[in-house]
Amino acid sequence: MSIIEDLLEELRWEALSTRRVMERIPEASLAWKPHVKSMSLGQLALHTAGLPGGLAVLLNAPDREVPTVPLPEATSVSEILTVLEAQLATAEDIISSWGDEGLRETFRLTLQGEVILESPRFQQVRSLLLNHWYHHRGQLTVYLRLLDVSVPGIYGPSADE
C-alpha cells in the first residue's frame, strides 16, 4: 500500500468514529458552552466537520499564510453531518492528487511573512490535519459527557457502552 492509500484508509476509518460522535449531538444544545472562553457545541462541531477538507486545501499549496478561521454556529446536526461528508470528499480528492512525491514536498506556514512551520507535507497531514481533527473530536466527547449525552466508543467501548 502507498503512503497515500494509508492516509486515506486512516481518514475513512476515523471518519466512522467522528460521524458517530456528531450523530449524538443534541440539536437543542448547539449554542451551549462549557465555559465563556470555549467554543459553543455548534461552533466546535462545525469546525471539526470542516477540518479534513479545509486543511487539505490549506496544505495543497507549498506556502500558506496562517488563515483566519471563522467559527460560525451550526444551525442543525444535519448541517454538521452534511459539512463533514463534503469535507471528507474534498480531503480524499486533494490527498489522492498529491501522490507520494507530493507528500514529500516541503510545506511552509507563515505568519505575517515569517515562516513558523516548515516540514514535508506528509508530516503536516499527520499533525495539522489528522491529529488536529482527533483533538477536536475528543473535545466534542467531553462536551457530550458534560451534557449527559451517551458518548460513543472511539477506540473501543466507552463507559456508556
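Can you tell me, using C-alpha contacts under 8 Å and at least 6 residues apart, the relative contact order of the stretch 9-85 as a whole percent?
39
Stretch Met1-Ser96 to full length: gain in nm at 0.36 nm per residue minus the Cα-Cα span?
Full-extension gain reported as 32.9 nm.
Could you check which residue among Leu129, Leu111, Leu46 shows the biggest mean-square fluctuation in a GNM of the chain with a 10 Å Cα cutoff?
Leu111
Rounded to the nearest 20 Debye, what is the dipole magnitude of the stretch 1-110 about its Cα centre when Lys and Arg each give +1 and Asp and Glu each give -1 at the C-beta?
It works out to roughly 600 debye.
Helix-only mean residue ellipticity at 222 nm, the chain, DSSP H runs n ≥ 4 weighted -39,500 (n - 2.57), per residue, nearest 500. What is it?
Result for the chain: -18000 deg cm²/dmol, rounded to the nearest 500.
Can you check what the net charge comes to around Glu10, using other residues whose Cβ is under 13 Å from the Cβ of Glu10 (Lys, Arg +1; Asp, Glu -1)?
For residues surrounding Glu10, the net value is -3.
Over the chain, what is the relative contact order in whole percent, taking alpha-carbon pairs under 8 Å and six or more residues apart?
29
Indicate the helices, whole DSSP H runs only, in the chain that combine a mean Kyte-Doolittle hydropathy of -0.5 or more with a Cα extent along their long axis of 18 angstrom or more.
Span-like helices in the chain: 3-23, 41-59, 77-104.
Taking the chain as a Gaussian network, where each spring joins two C-alpha atoms under 10 Å apart, which residue of Ala31, Ala91, Ala49 fluctuates the most?
Among Ala31, Ala91, Ala49, the largest GNM mean-square fluctuation belongs to Ala31.
Go ahead and run the numbers for FRET between Glu9 and Leu111, Cβ-Cβ distance against an R0 of 45 Å, rounding to 0.05.
After rounding, the FRET efficiency stands at 0.85.
Using 5 Å bins from zero, what percent of all Cα-Cα pairs in the stretch 58-161 falls into each bin?
Per 5 Å bin, starting at 0, the Cα pair percentages come out as 2, 10, 14, 20, 17, 14, 11, 8, 3, 0.
Within the stretch 3-146, what percent of beta bridges assigned by DSSP are antiparallel, to the nearest 5?
65
Assuming 0.36 nm per residue, please report the length gained on full extension of the stretch Ala28 to Thr75 beyond their Cα-Cα distance.
Length gained, Ala28 through Thr75: 15.9 nm.
None of the figures in this text is laboratory data; all of them are computed from the coordinates on show. Since the structure is predicted, the reported quantities are computational estimates derived from the model, not experimental observations. FYI the Cβ positions are ideal-geometry reconstructions off the backbone, even for glycines, and counts take in every protein chain you see.
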